[in-house]
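Report on one structure; see the data block that follows.
The values are calculated or read from the model by the stated rules, or taken from the named source; none is laboratory data. Since the model is a prediction, treat every value here as computed from it, not as a measurement. FYI the Cβ positions are ideal-geometry reconstructions off the backbone, even for glycines, and counts take in every protein chain you see. To get the accessible areas, we keep the full protein, side chains included, count just its heavy atoms, and leave off ligands, DNA and RNA. Shrake-Rupley method; radii C 1.70, N 1.55, O 1.52, S 1.80 Å.
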Amino acid sequence: MMKHLEEKRRRTFDVRAWSLVLLAFSAILSPGGLSRALAASPSLGSILPRGGQRGTQTVLYFNGGRLSDTKEILFYYPGITVTKLEVVNDGQVKAAVKIAPDCRLGEHAVRVRTASGISELHTFFVGALPQIDEKEPNSEFTAPQKIPLNVTVNGVIDNEDVDYFSFEAKKGQRVTAEIEAMRLGETLFDPYVAILDMKRFELAASDDAPLLGQDAVASVVIPADGTYVVQVRESAYGGNGACRYRLHVGTFPRPTAVVPAGGKLGEEVEVTFLGDPAGEYKQRFKLPATYQEKFGIFAQDASGISPSPNPFRLSEFGNVIEVEPNDTHAQATPAELPCALNGVISKAGDIDYFRFKAKKGQIFDVHCYARRLGSALDSVMVLSHFNGGGIVGNDDAIGPDSYFRFTAPEDKEYVISVTDHLGKGGPNYFYRIEFTPVKPKVVLSIPKVALFSQERQTIAVPRGNRYAALISGARGDFGGELVIGAEGLPKGVTVHSENMAANLDVVPVLFEAAPDAPVAGTLANIVAHHADPAQKIHSAFSQLVELVTGPPGQSVYWTHTVHQAAVAVIDEVPFKIRIVEPKVPLVHNGSMNLKIVAKRKKGYNEAITIVPLFNPPGVGSASSVTIPAGQNEVLFPINANGGAPVRKWKYVVLGVANVGNGPIWVASQLATLEITPPYVAFAMERAAAEQGRTTELFCKVQQQTPFPSSAKVNLIGLPAKVTAPELQITKETKEFTFKLNIDKTSPAGQHRNLFCQVVIMQNGEPIVHNVGSSELRIDVPLPPKQNEAPKAPAPAVAAKKPEPPKLAAQKRLTRLEQLRLEQEEREKAGREKK
């Protein structure tokens, strides 16, 4: 087996390879110029070590890029305090931290805040056991690394690597080996763990555990006094220097299931833990009084505490626990709604039934929580009339978990059943079915802007400048407009937004920092309330961060969800942008060039890329434009289709430029963009002519909005070497004619998609319309007949007065018919010749 011992001995901190080219930025020390070199948005690649023991102090290294102006380590959850912060270099920060004795065990979300931005989110783990490091060589079963029980081992699996650890244990002791690998959120690392005796017989082994995802846990009651070995490897014998792990080996309890799997807020609840090799046991917990979306309980006894929690639902309603036997309608466990039903599909083929009464018209959301709580159950729920037929059922709705909405058809008794999709069962096939009344709610988040990236998931506002974020709102069971706001923002930051329209689920939100705002950061609450104060809705912010993705199809293997937004005031940057607010509307099927203007500090000349944050429905734009280096403005093209809602919108663009050695983002103001119907509509006839001839294209004008003076009209979409003059119309014009000149070499055939571009000037700015639709048919001339002398040119005639439009139109129709007959004659001659 290939080993890389020397490489492992020389492991250094993992620093992400940056895609941006580092640019040197020099400041010119002059009045009004840049007084110092500026930093740019930071990036965080890793945190080492990956965890620490609670009740201790440790030193953490934050590795990444553009970290030289680090000001703070932002921990999302309480219990970890930074006592000293030291910048090692631009790629590394050293932090001494104190972990409180009562700090919550498990995963903690972390970001680095610098004077110029906020980093990506990474995680740090808190454990209950003392830590030791893996030491090579430990890759042979006959020469394992000796460890005591009840420790956490920090290690790395290289390619084709296997790590072995030996320990002494007594008969009857419960020993568990639980690994955090994929859960560390660093790389695609699917671990395998086994506990072996000295004859190399596997007493317990695990690849994936439902409770832990791709991570593994192996537990055993020791059969005899002696030495035992824990084996750790990648499940397919892969690995690399980024495949770090935390291996917990000890006598602590490790149940894989809990019943009930939730409880009522603020109450004390007794639970039964299942799946532990030492047998099931009970434990009491006092639940928090306020709701927490991601909550868990830790099994604990005299031998220790489990390294990670059993997920546990918090609810407004009480529990009902199944009473066996409950395998038929007649045996169904009784319940009173609203409540939560809890139980276990304890054996293969088991079906659990609960019975309840409901009144006609009552509506409940019915969720089965199983896989979402670490259960092995792939639930199937069916709700039926008591001793009657089924009403509604579901297999997979939220992953493998079941969900449906139930409206009681009459005052009656009903039954709900739950079983496993494949008919399996066991102690870790537990479930919790929640019946909850329907309540209006909205879940807010910042949408992703790039795959497999955390780009623009934080809010960094330069002093005296602006930043904008798109906020999405997933509504549930209500309609109408939403008002978006924020609570707990840094001092000097204000927020501006228009209401989120009833037919939209996103809105741009602008954050603006005063010139004297202190450089600082907070974890803020993004909130929403209904535009109608009489309507009460529940609002929550939930930001899911994808940490590990991979094949097949870039599947997501590990995520972390936070419920606050990281917001910071950062140092002043050397540029601002604004939209020159248009004085005219953008019309349906029209276009406009927004002028974007940059204000630069003296000495700053970098190119600035402009991108749209949000286009209203029916509005399109360029994906980006660039204000060239040394210039101060650019035109940003936008357009509207015929279905764009007629109203005024708030429009904002973002600007990004290299500052120092990386990018900084700013936003324009919220400019008003008005969408209106077109001022004119055209009815255009079709035209036809032979190559080398002229023809006319007739248009009727419908005035929809009066406009001053005249408008320019151009025919767009003409084929090669066909020309038409630019015309002018006024608000009095009812109809007009384009004279088309067709070259002898113009392509023959039917040319569609001709339209008119109308430019109306108002308030000194153009309103560009694209109206009407027509076709031009170009025919090849008939060859001259045999023995027929060429016709003499027609004698010149005096110019005639213009014919009335109606008569001219009739003649055009006559000419079109003549051309059609000539074309038919040519086709007939061609057939006869063949």
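Overview of values
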read-out: Near pairs, Cβ below 8 angstrom, 6+ apart or cross-chain, from the stretch 317-330 (over 13 Å from VAL269 (Cβ atoms)) to any residue that is modelled with pLDDT under 95 and part of a loop (DSSP other than H, G, I, E, B); value: HIS329/ASN387; ALA330/ASN387
read-out: Residue tally, condition open to solvent by 40 Å² or more (accessible area, probe 1.4 Å), of a type outside the set (A, V, I, L, M, F, W, C) and not in a loop (DSSP other than H, G, I, E, B), over the stretch 354-374; value: 4
read-out: Test: residue in the stretch 549-558 that is open to solvent by less than 40 Å² (accessible area, probe 1.4 Å) and either outside any strand (DSSP E or B) or of a type in the set (A, V, I, L, M) (or both); value: no
read-out: Segments classed as strands (runs of 3 or more DSSP E), wholly inside the stretch 463-502, with at least 2 members that are within 15 Å of HIS530 (Cβ to Cβ); value: 466-476, 482-487
read-out: When residues of the stretch 214-232 are limited to those that are touching a residue at least 60 places away in the same chain (Cβ under 8 Å) and open to solvent by less than 30 Å² (accessible area, probe 1.4 Å), the one nearest to the chain's Cα centre (by Cα); value: VAL232
read-out: Lone qualifier among ILE526, ILE433 - being among the aliphatic types (A, V, I, L, M) and touching a His at 6+ places or on another chain (Cβ under 9 Å); value: ILE433
read-out: Index of the failed condition, PRO101 passing every other in (1) within 25 Å of THR152 (Cβ to Cβ); (2) under 28 Å from the mean Cα position of the chain (by Cα); value: (2)
read-out: Criterion: on the phi < 0 side of the Ramachandran plot and in contact (Cβ under 8 Å) with a residue 60 or more places away in the chain - qualifying residue of VAL93, VAL82, VAL87, VAL153; value: VAL153
read-out: Every residue from the stretch 408-424 that is in contact with a Gly (Cβ under 7 Å, 6 or more places away or on another chain) and either part of a strand (DSSP E or B) or under 26 Å from PRO325 (Cβ atoms) (or both); value: GLY423
read-out: Qualifying positions in the stretch 523-537 - within 30 Å of GLY117 (Cβ to Cβ) and either within 19 Å of the chain's Cα centre (by Cα) or among the small types (Gly, Ala, Ser) (or both); value: ALA524, ASN525, ILE526, VAL527, ALA528
read-out: Enumeration of residues in the stretch 712-771 that are within 30 Å of GLU581 (Cβ to Cβ) and assigned to a loop (DSSP other than H, G, I, E, B); value: GLU726, LYS731, ASN763, GLY764
read-out: Of the criteria (1) over 25 Å from ASN641 (Cβ atoms); (2) in contact with a Phe, Trp or Tyr (Cβ under 7 Å, 6 or more places away or on another chain); (3) open to solvent by less than 60 Å² (accessible area, probe 1.4 Å); (4) not aromatic (Phe, Trp, Tyr), which one THR705 fails; value: (1)
read-out: Pick from the stretch 733-774, criterion of a type in the set (D, E, K, R) and more than 21 Å from ASN639 (Cα to Cα), ranking: most open to solvent (accessible area, probe 1.4 Å); value: LYS744
read-out: Residue satisfying all of: in the stretch 434-447; of a type in the set (D, E, K, R) and more than 16 Å from ILE526 (Cβ to Cβ); surrounded by the fewest Cβ atoms within 10 Å (Cβ to Cβ) among these; value: LYS439
read-out: Residues of the stretch 515-548 classified as exposed (fewer than 15 other Cβ atoms within 10 Å of the Cβ) and under 30 Å from PHE575 (Cβ atoms), total; value: 3
read-out: Residues (of a type in the set (Val, Ile, Thr) and either part of a strand (DSSP E or B) or at pLDDT 95 or above (or both)) located in the stretch 698-710; value: VAL701
read-out: Scope the stretch 282-299; condition among the small types (Gly, Ala, Ser) and in contact with a Phe, Trp or Tyr (Cβ under 8 Å, 6 or more places away or on another chain); matching residues; value: GLY296, ALA299
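This table checks each residue for (1) of a type in the set (Phe, Trp, Tyr); (2) within 30 Å of LEU188 (Cβ to Cβ); (3) out of contact with any strand residue (DSSP E or B) (no Cβ under 9 Å at 6 or more places or on another chain); (4) modelled with pLDDT under 95.
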{"residue": "ALA218", "(1), (2), (3), (4)": "no, yes, no, no"}
{"residue": "GLU234", "(1), (2), (3), (4)": "no, yes, no, no"}
{"residue": "TYR245", "(1), (2), (3), (4)": "yes, yes, no, no"}
{"residue": "GLY250", "(1), (2), (3), (4)": "no, yes, no, no"}
{"residue": "GLY263", "(1), (2), (3), (4)": "no, no, no, no"}
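Residue-wise test of (1) modelled with pLDDT under 95; (2) farther than 22 Å from GLY262 by Cα; (3) among the charged types (D, E, K, R).
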site	(1), (2), (3)
LYS357	no, yes, yes
LYS360	no, yes, yes
VAL366	no, no, no
ALA370	no, no, no
LEU373	no, no, no
ALA376	no, no, no
SER379	no, no, no
SER384	no, yes, no
